[in-house]
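**Q** Sharing a structure with you now.
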Amino acid sequence: MNKFNISAQPIDRRRFLKGALIGAGAISLGNRLSLPNSIASEASIVTTRPYNGPNIIIIRFGGGVRRPETIDPDHTYSPFLCKELAPKGTLFKNMEIISQEGIETSHGEGTLNILTGKYDNYKDVGGKFLGARFESKVPTVFEYLRKEYEIPEYQTLIINGEDRTDEEFYTFSNHHLFGLRYRSTVLSLYRFKTHLLRRQISNWKGPVENLNEKKQELKNLEELDHRDVERSARTPEIEAFWERWRQYYGESGLVNPRGDRLLTELAIRAMRELKPKMMMVNYQDSDYVHWGNITHYTRAIAIMDEGLQRIVRAAEANEEYHNNTIFVVVPDCGRDDNRFVAVPCQHHFGSKSAHEIFALLLGPGIAQGQVVDKKVDQISVAPTIGRLMGVKTEFSEGPVLEQALA
Amino acid sequence: MNGQTATSAEAAAMAVHLPVRSMGAKFLAGCRKILVFFCKYFWGMIFCQSMLGGILIVGWTYRLAQRSVLKYWWRQSELRKKGVSFITFLEMSERNRIHARWPNWFVQAKAWNAIQTCYQARSGIWTICRGIGRAAVHSLWLNFKIGTQGIFNTWVLTLPGCILWLFAWYDGWNNSFNKGYEQAAVGPLTGLLGVALFIMAMLYVPMAQARQAATGNWRAFYQVRLVWGLVRRKWLACLGLAMFYSILSIPVSILNITPIFFIQMNPSLSQATDAQIVKILETYFFWSSLFVFPAYVVLRLAAARIYASALLQAVQSGRVTLTSLKAGEQEDLEHLGLSTRREQRRIPVALKPLLWLLRTTVKTATIFIWFTFVSQIFIREFFNYHPQRGWLNQPLVQLPWFQHVPEGLHAPKPAGQGEHRHENTKDNAADKNGH
């Protein structure tokens, strides 16, 4: 039987043995392994409280932008963010990523700083060079929220880009009290492709050779999920979402928007169809400035700004979100301001500018028209979101951004 | 033979009658040579800092390469065995006399003699002034003229590939917006086509440059059959030349990339003003030319040496007739007694397949080595992109113009904006936001 139809069966022998072995191993290792911890926590914790707080939409204004091209009115390429949105909320213009040995200024790390409220020396779990398959040791804000309140996982969403599959798997931490049970769900073209392949395989009527190709293609994609846990994210709501996406955009992949515009589209559709209580949109295309053409960077910022505007407008127009949504706009990292070179926009060298970011919070309960000059940390975003949603983020290390609270 | 060229017998006689210099004079001449060498080197480094300077270097190097070709032929000649020095050989021809010393950057060779001749001719003041003016800038003009011709021809063959790289770079990164779908292949394929064109050009260009330099005639660059015949005759040497290019390109690439790490090397530089950065970069690139300038020159000299040897072999084997050469070359070869046809060793038929295999291997290896050269360009630009020029000008192939101060540092700042944009932003960003 096709491996990818396993979910249709209750459980097979191999999975059972694998789970049992991992579980036994976890117990013997004193809760040091990730997956069994999560499985263990699944059994012991039940949440029942309904969530009535504000919706949170986190816009990761990335991958990696500098202050001049974003929040500086004289040089900005994101006029909506800088000139329209910022006056409606609290702008922390001196937010930073800590300068400390082992703390990288990069996208995966920055995303986890925002989500967990803790800096860590993240290493790719497979030891891959330049890999960003990280596993957080402390819970993400999604996990805190889902543990505290009865929110289905399809209502805690991460919208990801197409070509950062490493970031597909930041949906839950290794923490023994949290983990898999309180995970969030990712919407991305990676997920759509796997949905599509599964659908094509199950409805296959063509030659067997082509079917095998499809199966191999699906296998290759599914193998990216090294923890083999994403199958559990295939809830009926998510499958229905992708089905509607397929009906609208077809199967070619040539009709739907591309790059960060795709993320905007996914986010807006998700707001309409899945009504997430918490959603993080991981914009990324400004990162291509690594490789030249500064105009690619500024164009990417402009595209993000348009996307932000569309999402804000969509929230205003949606009854579920209108006057009940807090936006948090924060870059994953800054970029260098290396004036010795023509394209001064790397971010791996740990320069001062690569640590310098900003954060804009706006929505109900957030002070309006306020600019905070004080230096604050990126890891303060998670506890602040926790405070706003009414959950205690006990493993985050940053202080709450009190200045933002009205 | 040209009436202005002395015969071999006269030359031998001249050689016998040359005065013998004392040790002291030799020492002084040696010191002078060293001084002149460093002086020319210094100017070469300065000229590496601009496009115009790069053109002057091309011209100067071509003149030096022409001298090098003559020197190679003289070494192979009977004249040398008869005791005729290289200088004596050059002095025998009005045309070659200019090569008695290394080419000058500015003043005419033997400028003082030229001025004296003018003066002694008791010409009018205007003629004397013109003579002085000509003596002062004759070499500069020659360098510019020959350099312009040289770079034009080099561009004709190498620039198409480079332009394709530029477009490939732009369009390839458009995939960041369009992702890997319909047009995804356009950028990479354009780049690959550029690579192929550039490598094809580089199989021909070094030898053609050497021919242009040796003949002093820009049209000689396009004698495709002759030049390609010389390349085919010297595949192994051309492989060596390609390796030389690729090896010398490594330090050039490192020098190109290094500025991106300046702040890591010295964090205090992040606080430097734009003016300070410009100064640091100008100094850096000036001293980088300590390597780039001689690397450019030595590659042309190596190509000239291969060319001289290949042409000599081709003439002596009868593959190239004297009449198909430019007049100056014919004259020089005849004068040196090198134009006579020599019996060539016949290659046994049994060895021919082996030779074919060897040649094919060498050709393939040459293409591969040029690919390593091109790869370095791509790696360099990935690390530190130099807008447009990084693709359009390869300092070892085209203009040895090696100065990359970011344009933004020279650009005038808007009113009210300080020099250090970043600091300025920090201070003013949200304050100007109307909050």
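The values are calculated or read from the model by the stated rules, or taken from the named source; none is laboratory data. It should be emphasised that the depicted structure is a prediction, and the values quoted were computed from it without experimental measurement. We place every Cβ from the backbone using ideal geometry, glycine too, and count neighbours over all the protein chains shown. To get the accessible areas, we keep the full protein, side chains included, count just its heavy atoms, and leave off ligands, DNA and RNA. Shrake-Rupley method; radii C 1.70, N 1.55, O 1.52, S 1.80 Å.
**Q** Please state which one of A:315, A:342 is farther than 30 Å from residue B:276 by Cβ and not charged (D, E, K, R).
**A** Sole residue among the options that is farther than 30 Å from residue B:276 by Cβ and not charged (D, E, K, R): A:315.
**Q** Could you tell me which numbered condition residue A:123 fails, if it satisfies all but one of (1) modelled with pLDDT of 90 or more; (2) open to solvent by less than 50 Å² (accessible area, probe 1.4 Å)?
**A** (2)
**Q** Here is a follow-up. If residue A:261 passes every condition in (1) touching a Phe, Trp or Tyr at 6+ places or on another chain (Cβ under 6 Å); (2) surrounded by fewer than 21 Cβ atoms within 10 Å (Cβ to Cβ) but one, which one does it miss?
**A** Checking residue A:261 against (1) touching a Phe, Trp or Tyr at 6+ places or on another chain (Cβ under 6 Å); (2) surrounded by fewer than 21 Cβ atoms within 10 Å (Cβ to Cβ), the one that fails is (1).
**Q** If you don't mind, another one. Of the residues B:306, B:263, only one is away from every other protein chain (no Cβ under 11 Å) and either crowded, with 20+ Cβ neighbours inside 10 Å or at positive phi (or both); which?
**A** Residue meeting the stated conditions: B:306.
**Q** Return yes or no: is residue A:376 within 14 Å of chain B (Cβ to nearest Cβ) and either touching a residue at least 60 places away in the same chain (Cβ under 8 Å) or of a type in the set (Gly, Ala, Ser) (or both)?
**A** yes
**Q** Then there is this: Condition test on residue A:355, is it more than 10 Å from chain B (Cβ to nearest Cβ), more than 30 Å from residue A:53 (Cα to Cα), buried (at least 24 other Cβ atoms within 10 Å of the Cβ) and not β-branched (Val, Ile, Thr)?
**A** Judged against the criteria, residue A:355 is not a match.
**Q** Something else about it: So the check is Cβ under 8 Å with 6+ separation or different chains; which pairs have a first residue in the range A:122-133 that's free of Cβ contacts under 8 Å to residues at least 24 places away in the same chain and a second one that's among the aromatic types (Phe, Trp, Tyr)?
**A** Filtered contacts from the range A:122-133: A:122/A:134; A:123/A:134.
**Q** Now for a different question. Output the qualifying pairs, or none if there are none: Cβ atoms under 6 angstrom, residues six or more apart or on different chains, first residue in the range B:175-196 and within 12 Å of residue B:161 (Cα to Cα), second residue open to solvent by 50 Å² or more (accessible area, probe 1.4 Å) and at pLDDT 90 or above.
**A** Here the result reads B:190/B:167, each pair linking the range B:175-196 to a residue that is open to solvent by 50 Å² or more (accessible area, probe 1.4 Å) and at pLDDT 90 or above.
**Q** Of (1) open to solvent by 40 Å² or more (accessible area, probe 1.4 Å); (2) on the phi > 0 side of the Ramachandran plot; (3) not β-branched (Val, Ile, Thr), residue A:219 satisfies all except one. Which?
**A** Single failed check for residue A:219: (2).
**Q** Same structure, new question: What is the one condition in (1) touching a helix residue (DSSP H, G or I) at 6+ places or on another chain (Cβ under 9 Å); (2) away from every other protein chain (no Cβ under 14 Å); (3) open to solvent by 60 Å² or more (accessible area, probe 1.4 Å); (4) not small (Gly, Ala, Ser) that residue B:332 does not satisfy?
**A** (3)
**Q** Need at least 2 residues that are within 14 Å of chain B (Cβ to nearest Cβ) per element, so show me which helices (runs of 4 or more DSSP H) inside the range A:205-320 make the cut, counting only ones lying wholly within it.
**A** A:259-273, A:294-317
**Q** Okay, next question. Just checking, does the range A:303-314 include any residue being under 24 Å from residue B:270 (Cβ atoms) and open to solvent by less than 40 Å² (accessible area, probe 1.4 Å)?
**A** No, that holds for no residue.
**Q** Shifting gears a bit: Would you call residue B:156 exposed (fewer than 15 other Cβ atoms within 10 Å of the Cβ) and either under 30 Å from residue B:68 (Cβ atoms) or among the basic types (Lys, Arg) (or both)?
**A** yes
**Q** Anything in the range A:246-270 that is without any contact (Cβ under 8 Å) to a residue 60 or more places away in the chain and of a type in the set (A, V, I, L, M)? List them, or say none.
**A** Selection gives A:254, A:255, A:268.
**Q** For the range B:282-339, enumerate the residues that are assigned to a helix (DSSP H, G or I) and among the basic types (Lys, Arg).
**A** Of everything in the range B:282-339, those that are assigned to a helix (DSSP H, G or I) and among the basic types (Lys, Arg) turn out to be B:300, B:305.
**Q** Tell me, yes or no, whether the range A:329-352 has at least one residue that is more than 9 Å from chain B (Cβ to nearest Cβ), farther than 19 Å from residue B:270 by Cβ and open to solvent by 20 Å² or more (accessible area, probe 1.4 Å).
**A** no
**Q** Can I ask one more? Which of the residues spanning the range B:390-411 are under 18 Å from the mean Cα position of the chain (by Cα), farther than 15 Å from residue B:194 by Cα and open to solvent by 20 Å² or more (accessible area, probe 1.4 Å)?
**A** Scanning the range B:390-411 gives B:401, B:403.
**Q** Now for a separate question. In the set A:88, A:137, A:128, A:83, which member is surrounded by fewer than 20 Cβ atoms within 10 Å (Cβ to Cβ) and under 16 Å from residue A:398 (Cβ atoms)?
**A** A:137
**Q** So, one more: Name every residue in the range B:168-184 that is loosely packed, with under 15 Cβ neighbours inside 10 Å and not polar (S, T, N, Q), in order of residue number.
**A** Passing the criteria: B:180, B:181, B:182.
**Q** Checking residue A:363 against (1) in contact (Cβ under 8 Å) with a residue 60 or more places away in the chain; (2) open to solvent by 10 Å² or more (accessible area, probe 1.4 Å); (3) at negative phi: exactly one of these is not met. Which one?
**A** (3)
**Q** What are the residues in the range A:254-272 that are touching a Lys or Arg at 6+ places or on another chain (Cβ under 7 Å) and under 24 Å from residue A:153 (Cβ atoms), if any?
**A** A:264, A:268
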